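Here the structure is laid out as structure tokens; the discussion comes afterwards.
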Amino acid sequence: MCIRDRYFLFLLVALAFFTTAKLCRKFVCAPDGEVDPEEPMICAKRDKNNVVIVGDCPEGMTCDMNDMQNHTIYCHKKIEHKKLPGQKFANSPAECFSGKGDSEGFCRGNPAGSSCAKDGVAECDVDLYCHPAVNICLEASNTGEYCNDYTKCKSNLLCSWEDGTRYRCRSYGVYPNGKLLGLGDEKEICQSDYVSENSRCEEAPQLLGSNVRDNEGDKCEYTRGYPEYSSCGYHEKGKAVCRRGAKDLEKEWKMIIAYLNRKPKCHAVSYTHLRAHETDSYLVCRLLLEKKKKKKK
């Protein structure tokens, strides 16, 4: 093969690589929050250069950025969910699932002993749960007390296989590294928020280097565990990002544990909501962030 043929072959391979590599879209904010002054309901628009211009929606409406297969996204009305017992309502108890509220502006549920639906999570008051066998609101178990699929723990506790014979309610993050987890235990019971392949709490993995990558699918390496690959986010330069390791989020995890240990008066603390720090939004806990905003004011 002559030198010229080798050169053209190299160009073809390079061209194939760059055309198959998936580039991420760039996201930029619209001036004054208006994507199109003539169409105020447009909240995002993708141009021919794969740049997405993002704007604002009128009050009470939202922009669904997951609908990016379309070049233009329109604002749509927010779905207002009824608030659970323990959550604060804005104007009246009509915003609450139960329709009940107290003088301090918090939603309330049915008291202990009241009847409830089989899946009536939202019906019973704070620190109560609906027992599925008898359909009655009962007091939730406290730290060290018995729990199972029918007997629930208080909202800031986990149901853990503690003594090898039965489940008991335990706090988040109480198991040190090296502790063997029981059947059905969740990794959130570990101080490190990480469980090894042999079901023991271990030092959490940490991302090596920057979390920003050029393209989607670039390798992300960690101090332990298998490598992962980057995915597109909402980056102004069209970069991909790597998911941060649990070790990188140690500070946020400690904040969550401290919050839960204060025994918040929430009807049900959803851990999937609290651990939104795993996404690129770096949101730790909505309640914690609201508290910080109040302090700044």
Net charge (Lys, Arg +1; Asp, Glu -1) of residues whose beta-carbon lies under 10 Å from that of K219, K219 excluded, is -2
I need the calculated FRET efficiency for the pair E39 and K78, taking r as the beta carbon distance and R₀ as 22 Å, to the nearest 0.05.
0.65
So, in Å, what gap is there between the alpha-carbon centers of the stretch 130-206 and the stretch 75-100?
30 Å
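Considering only protein heavy atoms, with the full assembly of protein chains and a 1.4 angstrom probe, order D125, D56 by accessible area, largest first.
Numbers: D125 15, D56 100 Å².
These residues rank, largest area first, as D56, D125.
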With all protein chains present and a 1.4 Å probe, how do T143, T165, T151 order by accessible area, largest first?
T165, T143, T151
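Which order do E59, E186 take when ranked by solvent-accessible area (1.4 Å probe, heavy atoms of all protein chains), largest first?
E59, E186
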Across K26/K82; K154/K187; K88/K239, pairs whose alpha-carbon gap is larger than 27 Å
K26/K82; K88/K239
Magnitude of the Cβ-charge dipole (Lys and Arg +1, Asp and Glu -1) of the stretch 58-167 about the Cα centre, nearest 20 debye, reported as 220 debye
Once amide H atoms are built 1.01 Å from N in the peptide plane, which residues 5 or more positions from G173, or in another chain, come under 5 Å H to H?
I189, C190
Would you be so kind as to identify which of Y167, A204, L180 lies farthest towards the positive end of the dipole of the stretch 163-272, taking Lys and Arg as +1 and Asp and Glu as -1 on Cβ and the Cα centre as origin?
Y167
Could you pull out the pairs from K78/K251; K83/K263; K45/K251; K83/K152 whose alpha carbons sit more than 26 Å apart here?
K78/K251; K45/K251
In straight Cα distance, which aspartates and glutamates are under 12 Å from K100, not counting same-chain residues fewer than 8 positions off?
E123, D125
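The values are calculated or read from the model by the stated rules, or taken from the named source; none is laboratory data. It should be emphasised that the depicted structure is a prediction, and the values quoted were computed from it without experimental measurement. Virtual Cβ from ideal backbone geometry, glycine too; neighbours counted across all protein chains shown. Side chains included, ligands, DNA and RNA excluded: accessible areas come from the protein's heavy atoms. Shrake-Rupley method; radii C 1.70, N 1.55, O 1.52, S 1.80 Å.
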